[in-house]
Amino acid sequence: MSSKPMLLVLVTFPKKGEYLEFVREVVENRLAAGVNMVSVNSLYRWRGKVEEAEEVLLVIKTSAEAVKPLKEFILRNHPYEVPQIIILSPEDVHQPYLTWVLENTATDRKQ
């Protein structure tokens, strides 16, 4: 776990999947303050074959406090057998933005 208060979690999701419902649930449950959804074309090796897929890269803005339940949610609800979950710790975050992320992922506040 990072000592930084804000984290970015990168997750790919099948473009034809129900990613909007997934993202909405993440935000509604305060596991993230917000999520960017970026269309990507992916090329990767899976089970000995090179595969190609249209995916959506989810850039999830969350807090260190919410990252563990977020990761558990992803593992329970993601359609992939091995979902991409990459957690990044930003070096510097604009303070008002950081405050917004922390306020919107706090488990003790329901607005």
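Pairs of alpha-carbon atoms within less than 8 angstrom and 6+ residues apart define the contacts here; what relative contact order does the chain have, in percent? That works out to 41 percent.
Grab the beta carbon distance between E52 and A106, set R0 = 35 Å, and tell me the FRET efficiency rounded to 0.05.
Using R0 = 35 Å, I get an efficiency of 0.30.
Considering helices alone, the calculated mean residue ellipticity of the chain at 222 nm is -9500 deg cm²/dmol, with DSSP H runs of length four and up weighted by -39500 (n - 2.57) and normalised per residue.
For region 23-40, backbone phi angles converted through the Karplus equation (6.51, -1.76, 1.60; θ = phi - 60°) give residue-by-residue couplings of 5, 4, 5, 4, 6, 4, 8, 6, 7, 8, 7, x, 9, 8, 10, 10, 5, 9 Hz, Gly and Pro being listed as x.
Projecting the Cα atoms of N77, G17, T62 onto the dipole axis of the chain, where Lys and Arg carry +1 and Asp and Glu carry -1 at the beta carbon, places N77 farthest toward the positive end.
Each of V50, L8, V101 was placed along the dipole of the chain (beta-carbon charges, centred on the mean Cα), and the one lying farthest toward the positive end is V50. Other residues lying with their Cβ under 15 Å from the Cβ of N41 contribute a combined charge of -2, Lys and Arg counting +1, Asp and Glu -1. Rounded to the nearest Hz, the phi-derived 3J(HN,Hα) couplings of region 84-100 under the Karplus curve 6.51 cos²θ - 1.76 cosθ + 1.60 (θ = phi - 60°) are 6, 9, 10, 9, 10, 10, x, 6, 8, 10, 3, 3, x, 5, 4, 4, 4, where x marks glycine and proline. Using alpha carbons only, the radius of gyration of region 6-105 set against its Kirkwood radius gives Rg/Rh = 0.99.
Distance from the C-alpha centroid of region 55-111 to that of region 23-54: 13 Å, rounded to the whole angstrom. Three principal axis extents describe the C-alpha atoms of region 1-65; from largest down they are 39, 27, 17 Å.
Amide H contacts under 5 Å for T12: L58, Q84, restricted to partners 5 or more places along the chain or on a different chain, H placed in the peptide plane at 1.01 Å from N.
Every number here is computed from the coordinates shown, using simple stated rules; none is lab data. Predicted model, so just to flag it, every value in this text is computed and none were measured. All Cβ positions, glycine included, derive from the backbone under ideal geometry; neighbour counts span all protein chains shown.
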